[in-house]
């Protein structure tokens, strides 16, 4: 039992921090520009494919630098020559633009790399166990992903709250005219931040690509959960995104390992449900079968009970 709890917590935290790597970039973009970027998961996928392509000629470690930089530059160009032009038309135009951009990126990936998964491998240095507990080993690459995610969160927090550039960025959000009068180019700041946000998504893809399957459907698999995390944590809250990511990661990890159904729990208190009852199959579905639905149930509950999210500011 202790072995199950230990490794489930480790796997849940690792999955949650992967989600946070994705959510952090989108949170930065929303908090700065008020844009919910529907193409964010597609930039994550591009990071995985760019990392794979760069690793073939440069190796894995240089690819971790090249891939997010390439995705970040592409994101900055999208903001400068695309999103900035539709920004004046309102949020609906921005959402439609990023929604269409996601489909364009997906099709380009299929054209360049095909529909089958690519062979993006874990580096030899991390291709093995990090440690062993109760005769069960924990992969070194998963531990690397966990530590890298923690380091990125700490770096982002320090950058935004302690550095002069971070303070200018936060001031650009609340008082853009004042920042502009002080001699700073606010549109350029927005462009750089959009590039940084998409670059974080690219970094998440480059790191997660070897651990997960690098394929054209990887954006669709994580994209919907990403927006669940943003709403649960509170729109624009980096700390809220971290808490929500860890919560979703842990809940889903434990749910996947659960073989208990609602009918089993009711049977322990003397209530027996057959398959012929109303929604009989639903009562007998195990937690593992319901695991993909749980984040969206949490989203519905959060919108009903606290629409601002865990760390979001309630509008007055």
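Assuming R0 = 35 Å, what is the FRET efficiency of residue 80 and residue 288, from their Cβ-Cβ distance, to the nearest 0.05?
Numbers: r = 46 Å, r/R0 = 1.30.
The formula returns an efficiency of 0.15 here.
Show me 2-13, 246-257 ranked by packing, highest mean number of other Cβ atoms within 10 Å first. Before the final figure, lay out the partial values.
Numbers: 2-13: 14.9, 246-257: 19.4.
In descending order of packing, they fall as 246-257, 2-13.
When only C-alpha pairs under 8 Å and at least 6 residues apart count, what is the relative contact order of region 72-175, in percent?
The value is 10 percent.
Under the classification rounded if a/c is under 1.5, otherwise prolate if a/b is larger than b/c and oblate if not, where does region 191-236 fall, given a ≥ b ≥ c as square roots of the Cα gyration tensor eigenvalues? Mind showing how you got there, number by number?
Working: a/c = 2.33, a/b = 1.22, b/c = 1.91.
Oblate.
Round to a whole angstrom and tell me the spacing of the C-alpha centers of region 88-157 and region 11-26.
So the separation of the two Cα centres works out to 9 Å.
For residue 220 and residue 9 in one chain, what is 0.36 nm times their gap in residues minus the Cα-Cα distance, to one decimal in nm?
Here the segment from residue 220 to residue 9 would lengthen by 73.4 nm.
Quote to one decimal, in nm, the extra length available between residue 136 and residue 61 on full extension: 0.36 nm per residue of separation minus the C-alpha distance between them.
On the way: separation 75, 0.36 × 75 = 27.00 nm, distance 2.78 nm.
Answer, rounded to one decimal: 24.2 nm.
What is the packing order of peptides 84-90, 236-242, 146-152, 288-294, taking the mean over residues of other C-beta atoms within 10 Å and listing the highest first?
In descending order of packing, they fall as 236-242, 146-152, 288-294, 84-90.
Quick note: the coordinates plus some simple rules give every number you see, no bench work behind them. Treat the numbers as computed from the prediction; the structure is a model and nothing was measured. Don't worry about glycine lacking a Cβ; one is built from the backbone with ideal geometry, like all the others, and counts go over all protein chains shown.
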